[in-house]
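Down below is the structure, laid out as C-alpha cells.
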Amino acid sequence: MKINNLSNCTGCSACYSACPKSAILMVENNEGFLYPKIDDRKCVECGLCEKVCPAISPLRVQKSECKAFAAINNDEAIRIESSSGGVFTAIAEKIVTTGGEVFGAKFSEDFKSVVHSWTDNMDGLKDFRGSKYLQSSVNESFKECERFLKAGEKVLFSGTPCQIQGLKKYLRKEYENLLTVDIICHGVPSPLLWKLYVEYREKLAASR
Ligand SMILES: Cc1cc2nc3c(=O)[nH]c(=O)nc-3n(C[C@H](O)[C@H](O)[C@H](O)COP(=O)(O)OP(=O)(O)OC[C@H]3O[C@@H](n4cnc5c(N)ncnc54)[C@H](O)[C@@H]3O)c2cc1C
C-alpha cells in the first residue's frame, strides 16, 4: 500500500519524513507547490506513508477541550515586526529562555523560497517573524524536531495547520515537551509565482 491519490494532499511532508526507505521526494508541480513523488524502485509498500498522511487519516481533535484567548505582544517593536500582534514571538521567547528549540518558517538566503528551520536563541527568532505568503519547505524539520523531543528538549514547532497536523501524524505519539503553534491560514500561494516575482524585481533593479 502506498499513497497514490494526491487530490487532498497539502504537501505537508509527513510521508517524506516517515518513509523508512527514503523512497519519497517532495517535488515541485507546475505552480511550484511541493507534492510527494514515490520512487517505485525503492518503495517496499509498507504503507507508512498512508498511515502518517493527515489528508488520508486526519487527527481527531476533542472540540470540548478547546479554549479561546485573545492576546497581543506588549512590546511595540515586536508587534511592528510581526503580522498579527506578535504572540508567536512571546511564546517562542519563553521556549528559548528555558533552553528549548523553536521551529518556524523563514526566507532562504536568496529570498526565492521559504524554508522551515530551527533556532535556540532570541536572534534567530527574527527570521521567523512575519507572514511569508508562500508554501514553506519542511525539509528535515520533522525529523530534527523528533530528535530534540526524544532527547528531552522543550520544542515549539510553528507553521501552517497542515504542517502541524503532518508533524503530529509523523510523530505518532504525544510528547509532553512539544508545543505547537499553527497560524490561521487560508492557504499558501504559489512558490513559483513568488520566485518569478523576485526574479522580475531583480531584473528591474539591474536595469536601472
Ligand atoms: C500562508 C499564510 C496564510 C495566512 N492566512 C491568514 C488568514 O486567512 N487569516 C488571518 O487572519 N491570518 C492569516 N495569516 C496570518 C497569520 O495567521 C499570522 O501571521 C499568525 O497569526 C501569526 O501572527 P503573529 O503576529 O503572532 O506572528 P508573526 O511574527 O506575524 O508570524 C510568525 C509565525 O508565522 C509562521 N509563518 C510565517 N510564514 C509562514 C509560512 N509561509 N508557512 C508556515 N508558517 C509561517 C512562522 O513560523 C511563525 O510561527 C496567514 C499567514 C500565512 C503565512
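Give the residues of the range 103-149 that are at positive phi and at pLDDT 95 or above, sorted by residue number. Full working, then the answer.
Taking the range 103-149 and keeping what is at positive phi, we get 111, 130, 139.
Scanning the range 103-149 gives G130, N139.
Report whether or not S131 is of a type in the set (G, A, S), closer than 30 Å to K203 by Cα and in contact (Cβ under 8 Å) with a residue 24 or more places away in the chain. Spell out the reasoning first.
Details: of a type in the set (G, A, S): yes; closer than 30 Å to K203 by Cα: yes; in contact (Cβ under 8 Å) with a residue 24 or more places away in the chain: yes.
Judged against the criteria, S131 is a match.
Looking at the range 24-51 only, could you name the residues that are in contact (Cβ under 8 Å) with a residue 60 or more places away in the chain, of a type in the set (D, E, K, R) and in a strand (DSSP E or B)?
Answer for the range 24-51, where residues must be in contact (Cβ under 8 Å) with a residue 60 or more places away in the chain, of a type in the set (D, E, K, R) and in a strand (DSSP E or B): just E28.
Please indicate, with yes or no, whether at least one residue in the range 53-61 is within 16 Å of the ligand (Cβ to nearest atom) and under 24 Å from the mean Cα position of the chain (by Cα).
The answer is yes, given that some residue of the range 53-61 is within 16 Å of the ligand (Cβ to nearest atom) and under 24 Å from the mean Cα position of the chain (by Cα).
The values are calculated or read from the model by the stated rules, or taken from the named source; none is laboratory data. Source: prediction; values computed, not measured. All Cβ positions, glycine included, derive from the backbone under ideal geometry; neighbour counts span all protein chains shown.
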